[in-house]
Every structure is written in structure tokens, then in C-alpha cells.
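The values are calculated or read from the model by the stated rules, or taken from the named source; none is laboratory data. These numbers were taken from a predicted model, which means no experiment stands behind them. Cβ: placed from backbone, ideal geometry, glycine included. Neighbour counts: every protein chain shown.
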């Protein structure tokens, strides 16, 4: 099912995504004091897809620290999210943790020494903890569909395995990957989960520290340069906030020191990023003076 | 002449750069109130090289506005600064204004309808105005050397010309390009020239507006995602400031709302960016809490 | 186990190939009258590997004719045998039937509508018929090793599947592919099997026609332009005969109208072709005036 | 001016080629005894364009022998004739002497130590000698047009120069290149000129030897694998003769030991090769049993 042209096209490669209402729109922003501004379908769960990569990156960095960068780079790719060309040139090492290949390599690190079920549980519990909401769940139907049709991702994983970049059996790593991409969250839950990135690694209301200030900054930097595939430059240019999009139409954005924002609208632009979501964030950032590149309103 | 390993290698493709003292180091930061902190060789002129691309971009946007983006993209390239591969794939349109091909296309826009001499004069006067210093000059020996050995850039320009992306005679466009890259400035002059980017398009002390706040933000965004060639992700990750480097060893960095910073150390890392310059900026940004990705000191 | 430098390196990616005696050398030529000239280890079976692709191509053309060319091209690739880059550029359609991706697509055509066991049986029986020798067999240990370590081929197959170029389940297609590459033959058997290509599609002694004269010519043309991966130009330049090499160190060469030749020496050159095998063929072709590019002895 | 669809499109990048009559067709074959079969516009001169590369290759091999292969490879490129991508990957060394970059490198070798005028004279006299016809000439208008619009070739030459693959000033090398591509010949002259390739390096009627039998074979091998850009596999598959095409619509083909053939029809297929010319050669080769891949008529 396609949205109206001015909303972009809803992802249609699996029925579970193709069937989503193209008219859905939700947005939630949470500031440093924990105040919540919510609008539209703020409490409707959607498939977070690649947004999950921010959280698996955080987990993997917590497990192996900077050793992670032996497996994956930190540079924008200049190629679509599922390109395999770059992998051949750079001997199986993905350019960054947010393209598919890189996120699969990160998942492989989280899996290491565990059963797929355990690794997935850990990822899910991390999100539930961050969002303070135990109702966050994995949409098994989405995960199964991804698995059944994910030949490109299977290709990427086996290709990396041929270079020794994947340690675990490819099926195990991809099983966890497909499932964490299939986690369903609402805008409210997602904005809650992103607070530690907006506040130097801490959850202000809880007083608990998730990562160090430096690590939070660095994850934000990666989101800014690589968070929107081959539309990352465009997002930085227009919105001016670190963010990570998913093919389900969600975007998590971070205004450092100010707010964690989640937006959802299923129609996608040519780069696979939410079309209305990006526009909404651009307007919000401008009105609030949240751009990290200069704070004065236009 | 090569620097010590821990300083990186001085550019050696032309004698004028190869002969620079590898031990040179200068740094200047200027804050919103115009206070200047200077250290080391702050008043020694060096070849700004690709840093000039920030100022030609600003000029070209002033001339043609968003029409510029028909000639050049806004995405990180994922390739070295002088790669020609991407140009073939995207029919002569460079990925962004900071790789060589993109900067040549920008220069072609500035040149349009003028003599090379006039266009170069305009660029030079713009820099003299921004820095409030009429002693800034073009190092003709550097320009001549670049021209004599710049076969790769000649190839890039002719390649774009074959796709109709360059309007003027290639020799004219490249003449201006080689000369504006050969402009010599001190750290003090460069930090002065960058103030408008740190302060929403205005020069605080002068009260004059150079560009709109939105345009300043957007140039900063481009510097963040594309300012350091294939090391842009790394610079964002480590330093967390918009910046633009040159093969002469200079870097201009911008802490929005806070400071304009110039640093110079001729030894380069593998991506062609100043090795010590990057480290100095990383330490400064951390100590001052200037990172755009989170302000709390580590 | 590595051969002496002047013999090239024995393939070492699976133990079954790595353990082959690097000093082995065999050669057999059979002329139009069926006279056999044999030398060295002419009756020692070796893994024919990619040489099998000539016979699967023949079978697939017999099954679907020119429809095959919707799935695979006829141009040299200009890339190593296992490159995936070209597949991305050309949307999953391999350049020719002799690079790995192309041969997997051909195998998929043969498999269509059959069980893997049946398809493999058909390939094996075809070779036994051509060579008039029912002792030709599949080396299961080799096939199992290929399957266990063939991540690159699994990637290629899944990548093509993502573009709809592979019809059958990837595991089925690859199962047949790995097994037909693991067929073991002697030089004598291989030279026998290649006779139809040397004699306009007919087996002279048997009087039976395998393919039309035109098809035999065309398969020879494909061997000439694409039979040695990224060393195809070199082989044509030096040897001047259509040929197909395998990573097991075998080469099948065809002197149209004159002879079918098989040579085996396990040491490989940088392009993965038998080093001594190529030299032996070059000397033979020159002495006999067999080059297709001019018959006068040098 | 475009030909009818079934004749392909006439090259239109310069007015001198665009103005050629799309209905022109000529063909000449000369056998070992010097008998000439001619048809159609056999005596109308046309721009031989890239066919000249066969003769410059012959000259350069005569000058520096196998040292030539330090500057240029012998493998099919798998890319269009004017691609620059491969040059970046292989550090300025073109894949073969028949793509534009490779032919420019060959011209640079011929030029070495001479004035452009002398080098061009040598090439022209070589063709006049081979064809026994002093009326063969350079079409200056074509050469000037090529020079004025040849930005892609200027890019290729400068790119190679940046890697040190071109010795002479780029303008000199390109001047000779554009002029030898602008040589005008008739089918009769071209078939005459190609006789040495069909007859082991000798001109049968004259009794004189141009190159050794081995060199003639090797040039034929290069024409077979690389003579038709990215349609080389197709030409080998369909026609089965070594050949070299030009964008002017000419093709020189060689039936070793049998005949030298020239055909001309200006309409081009998608790969830039004469559409009707290829078809005519395919029919001729089949009827005469001239394919190098098997002699029996279909």
C-alpha cells in the first residue's frame, strides 16, 4: 500500500510493513526535566527497524569498548544501506555500525558466547530499561518475514563471514539481527529510550548513568554522520540533529542537553527515511533553536 | 621533508609544501566577545589549501543560492578527496562541495561571467574582509606548482566538463581554483575569518551580517559531515566540531555560539588531515565542553 | 601445502585441495581420429572444480536455449572470479557463465523442477557419457568442505536471489553447485569429455552429436573470452586456445578441428589458473601450430 | 542525424560524424591469394577512429616490444570504452590497448622522443604502406572537433599522467591520438591494411614481413578479447573472429590464414559497435566457415 506522493512510499518488501496505515503520524519530545510533549499517534507501536542499531551499538560498546572498531568503521558510506560493493573494497569490514552490514557485525559481537535467545533478551531488556516500560516487545511476524525474504542481508553476513569478520554461525547472528529490527515501540517509548543520548549518557529523571558523557557524544556523532544512510548529509543539512531512521518510518533524534525526540510516519523518501518525519523534525528544530550547528532561530 | 612519525607526514607533492617546517604549530581561538587566545606560530602564514573551499562555498551560495545544489551534492563521499570513481557513477556531479571535484564545480560558479583575475580578486577580498586584514595574499609560487603538477585535478575538471557540469573553459576554472587554494593565512587571520560561522552568520565585533543564520548552520553541517574527506566521521567522532582541513596542515573549526578556532601543524595523517591539529582540537573541545554532541566535560 | 615458487601455489582454502601433491603433472591430447597422447599423471583423478562449468553450461543451453541469457551475460568480467561488485551494478545478473555467480545461476537453471540429487545425477551422467567412462565420481569430502567454507558463494547466491535471478531455494542450488565442482576426473577422462567442443559438437569416434556446430563454436568463444577469470586475456594472448581452468589445477583446452586437451598441475598463478598447465599448453599450441589466431609455427 | 532503429544510431558527439549518411554500407574481403571481394560503398572513405588502435599497437610493439606491457594490460575491461573507474583501481594502468585510456598510453609510447607531427606521420605512413595506398589521409576537421570536445579523453590522459603512466606533455600525446583516430580510409584500404594479421605477420602478395607470426597471433588474440569494448564477448560469441571496431561504424576483422575483412555501416549498437557491420560479419563468417572456434558451417 502506497501513501500519497507527498508522504513518500511505505516500505513494501514484507507484508507486515506494507500493511501499515500510510496516514499514521506521531511525535514525542521529552526535555531534560522529563516534560513530555506528545502528538498524533504517539502511543501506537511501530517497527523500529534500523533505529534498534543505536541501542545494539551502545550495548556492544559496553561489552568490548573500542575493540569494536576492529570490526566496523566510523565513516559515512556514500552508498545505499544495503550495498555490498564497499565490503569487497575494504575486505569485509563495514564502513559504520548503521549500514546493514555494520549492524550485523555489531550484533555478532553482542551474540558472542551466548545463545541467540539470550542475546535478543538482553537487547529487549535494555530497551525496556531505557524506556522504563516492560511492554516493549518483538513482533515475531515481522522477524519471520524479514528472515524469509532477507536474501540481501544473508548475502552481506556470509560475505563478511568469508573475511572472518563474523564469529558466530551466520544463522545465529542474523536470527538476532532480524529479531531486534522487529522490535515494536511507540514514539513515547522511543523518546524515553533516547534520553541518555541527549543528556550526556544519563537518564535525568532516574539519575542513573547508561554510558559515559564521552560515549554518548560519540554515538551522537555517528548518528549525525551515518544515521540516515545515503541521506545523512541531507538530514544534517536540513535538520541539524543527530538521528537514526528506520524503514518502518520512525526516526529517533537527539538535541544534546535539550531533548530526546521520536517521530513516526511510514512514508519513505528515496533514501529510505521517513519523509514527513524528517520535515517535522526540521520544523521543530528550527522553531526551538535546537540545531547543533547554531542556535539562533532562522 | 618528513616530520617525525608521531606528527604525521608533511605534504610533499610540491616543493613549496614539502619545505615547510614540520615542527611548526600554531593555534588561535576567538570567542563571541572577540577575545583571542593565541599560541605557538599563530602569526606565521601557511597555505590554507582546501580550507578555502568553505569560503568559496559561502560566496557561491551568495551568488546562486540553492541552485548551487544542481551542480554538487551534499552527501559524504566515502572516497578519498581526489577520487574520480564517484563522478562516473553519478554522471559528473560531485558528492559535496569539499572534495576536490565539488570545490572545482563551486569555483566554476563563482567564475561565471567574470575573468579569472576578477573571480580570484573577489575571493581574496572576501577573506580580507572577514579577517579584517588586507595583508592576506595568494602565494603565486604555490599556485604555479599546483598548476604544473595538478594532473588529477585537471582530470577531474575535464571529466565534469564532459558531463556539462563545468561551464567555463577548464583552464580558467582551474586557474582560479589553484590560486584560491594557494592563499596564505595565519591562524589568527583564519580564526578571524571563521567567526561568522560560529555566530549565526554575523561577525559579532563588527555587527555585520555575512550570511543568514540558517545558511551558517548549513555550512557548518556540511563541514561536519564532509569537511575532512574520508576522515570526516573520525573527526566528528573525536572532536565533535564542524571543521575543514587543508593539506597545508591547517584546520578551521567552529564551536557554534562559542568560538572560531584555527590550528596549524603541517604533519598529516593517512587521510590528509593535520595529525597534531586534530589532536589539539580534540583536547580543546573536551576541556571547554564545546562538542556539539553534548556539552558536559568528559 | 605450497608448491615451489616456480610452480605456483596449490589452493589451500580446503584441506582436500591443500593436501594434493604439488609435484603432480599430467597431460592428455586426443585428436580427431581418436588418437591419444598421454603423459605424466594422466590417470590420476583430480578435482575438476570450475571446469565443470563448461559442461553445466552445455546442459543448461540444451534445456532452455537462448533463454539462458536472460539470467547471465556473455561478457568478460574484468574482476576476480568471486567478485560481488559487478552483481550490484548489474542488478544481480552475472557477467558470464564461468565466474562463480554465473555458474551458480546456470546450476539453478539445471536444477529447476528437480531434486538436487537428480540434477547432480544428470550432470554426472553427462560427463560419464562424454568421457565414455562410468568411473567418474563426485568427491563427497571435497563437496562437504566447500559447503562448510563457501561463505563467499553463499553470499553470491543470496545476493542474486535478492534480485530474483535464482529460482530455487539457495541451499538446493548451492548443494548441486558445490557437488558438481567436486567431481573428480583424470586428464584422460577430461580430454575425452571435451571432444565435442573440438569437433563441431560431435564425438567423432562415436558418431553422436552432442550439440549443434554453432553451439559448440559459441561455447568455445565463451571459454576464450571468459574461461580463465581475470587471466582470460593473458591465456588468449599466450596460448591462443579456448580453455577453462579450475582451482584444482586442471585446464581443459580445445583446438577446434584438431584436438581436445587436458592438463593438470596443482600450482596456481595469481589469477587462480594452473601455472605449469598454462605453460605446457602454450608450448604445445606453438609446436603444433594449434593457435586459433594463426596457424604458422613461430 | 539518427539512422533507422534497425540500423542503430550514428555517432553524434561531433558534427563530422553526425553528418555521415546512415544508409552507407560497404564491405571488402581479401583472401590469401590477394583476391578481393568488394560490395557497396567499398571505396568511400570513413573515419576509422578506434580501428587505428590496432596499428598503433603494432607500431608500439615494434618500438619497445614487451616493455609496452608495463604501461598497459592485456585483459578485457568489463567497462565502457571511456570508463575511468578502472584506472583508479589499478593506479593509472589501463586494462588493455583498445580502450581509450590504453590507446592513449600506446600513443604516448610512439610519441616518445619525437614531435607530434613526426609521430603522426609515422602512423600515417605505416597505414599507407600496409594498404599500398598513399591517398590515405588524416581528416583534420574530425581531429579538430575531437580535440575541442574530447573532455573525457583529456580527463583520462591527465589521470594517467598523475600516476606517471604518460611521459610526454598531455597535449602532445592527445594531439597525436586525436589525429590518428581521425584517419580516413575506405573498406578496401582497411582490408588491405589488415592482411598482415590474417597471414602470420606477412603481406602475402608483397612477400614482406610486418611482424613475427607470434606477434600477429597475439594482436589477434587482443582483438578477440578486447576489440569491441564491452561488447567483445558478444562479438566473439556471434562472429567468432578477431576484430576491432570504431565509432565511425567501421570494423576490421581477421580470419587467420584466410582473409582480411573490412566492413562499414555508421549505425551503432548500445556498445558503440557498428550494428549492421557486426551482422554482416556474422553471416559472412558462418557461410564461409571462417569462425576460429570451429570451421564447420552451421
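Checking segment D:229-246 against the condition returns a match, with at least one residue being buried (at least 24 other Cβ atoms within 10 Å of the Cβ), more than 20 Å from residue C:219 (Cβ to Cβ), more than 14 Å from chain C (Cβ to nearest Cβ) and touching a helix residue (DSSP H, G or I) at 6+ places or on another chain (Cβ under 6 Å).
Being away from every other protein chain (no Cβ under 14 Å), free of Cβ contacts under 8 Å to residues at least 60 places away in the same chain and touching a helix residue (DSSP H, G or I) at 6+ places or on another chain (Cβ under 9 Å) is a property that holds for residue C:279. Examine segment B:66-82 for a residue that is more than 11 Å from chain A (Cβ to nearest Cβ), touching a strand residue (DSSP E or B) at 6+ places or on another chain (Cβ under 8 Å) and either surrounded by 19 or more Cβ atoms within 10 Å (Cβ to Cβ) or assigned to a loop (DSSP other than H, G, I, E, B) (or both), and state whether such a residue exists. The answer is no; no qualifying residue exists.
For residue B:92, the conditions (1) outside any helix (DSSP H, G or I); (2) touching a residue at least 60 places away in the same chain (Cβ under 8 Å); (3) within 23 Å of residue B:248 (Cβ to Cβ); (4) within 13 Å of another protein chain (Cβ to nearest Cβ) all hold with the exception of (3). Within 12 Å of chain B (Cβ to nearest Cβ), at negative phi and assigned to a helix (DSSP H, G or I): does that describe residue A:108? Considered against the rule, which asks whether it is within 12 Å of chain B (Cβ to nearest Cβ), at negative phi and assigned to a helix (DSSP H, G or I), residue A:108 comes out as no. Taken together, D:67, D:57, D:61 contain a single residue that is in contact with a helix residue (DSSP H, G or I) (Cβ under 9 Å, 6 or more places away or on another chain) and over 16 Å from residue D:180 (Cβ atoms), which is D:67. Of the residues making up segment B:194-213, just one is without any contact (Cβ under 8 Å) to a residue 12 or more places away in the chain and at the interface with chain A (Cβ under 8 Å from one of its Cβ atoms), namely B:212. Put simply, of A:229, A:177 the only residue that is at positive phi and within 14 Å of the chain's Cα centre (by Cα) is A:229. Of the residues A:83, A:47, the single one that is without any contact (Cβ under 8 Å) to a residue 24 or more places away in the chain and under 29 Å from residue A:140 (Cα atoms) is A:83. State all residues of segment C:4-44 that are over 20 Å from residue C:278 (Cβ atoms) and either surrounded by fewer than 17 Cβ atoms within 10 Å (Cβ to Cβ) or free of Cβ contacts under 8 Å to residues at least 24 places away in the same chain (or both); if no residue qualifies, say none. Across segment C:4-44, the qualifying residues are C:13, C:15, C:18, C:19, C:32, C:33, C:34, C:35, C:36, C:43. Being at pLDDT 95 or above, in contact with a strand residue (DSSP E or B) (Cβ under 9 Å, 6 or more places away or on another chain), over 19 Å from residue C:217 (Cβ atoms) and within 14 Å of chain C (Cβ to nearest Cβ) holds for only one residue in D:191, D:255, D:216, D:285, and it is D:216. Whether any residue in segment A:262-275 is under 25 Å from residue B:295 (Cβ atoms) and either modelled with pLDDT of 95 or more or crowded, with 22+ Cβ neighbours inside 10 Å (or both) is what I want to check. There is at least one residue in segment A:262-275 that is under 25 Å from residue B:295 (Cβ atoms) and either modelled with pLDDT of 95 or more or crowded, with 22+ Cβ neighbours inside 10 Å (or both). What do you reckon, is residue D:185 surrounded by 24 or more Cβ atoms within 10 Å (Cβ to Cβ), at pLDDT 95 or above, at negative phi and within 14 Å of chain B (Cβ to nearest Cβ)? So residue D:185 fails the test.
Among the residues making up segment C:8-48, those that are closer than 16 Å to residue C:145 by Cα, touching a helix residue (DSSP H, G or I) at 6+ places or on another chain (Cβ under 8 Å) and not in a strand (DSSP E or B) are C:11, C:12, C:13, C:14, C:15, C:16, C:17, C:48. The requirement of being modelled with pLDDT of 95 or more and on the phi > 0 side of the Ramachandran plot is not satisfied by residue D:102. Output the residues belonging to segment A:30-48 that are in contact with a strand residue (DSSP E or B) (Cβ under 7 Å, 6 or more places away or on another chain) and within 22 Å of residue A:124 (Cα to Cα). Within segment A:30-48, A:30, A:42, A:44, A:45, A:46, A:47, A:48 meet the criteria.
Taken together, D:219, D:203 contain a single residue that is under 20 Å from residue D:31 (Cα atoms) and more than 15 Å from the chain's Cα centre (by Cα), which is D:203.
The set of residues in segment A:276-298 that are surrounded by 24 or more Cβ atoms within 10 Å (Cβ to Cβ) and in a loop (DSSP other than H, G, I, E, B) comprises A:291, A:292, A:293, A:294.
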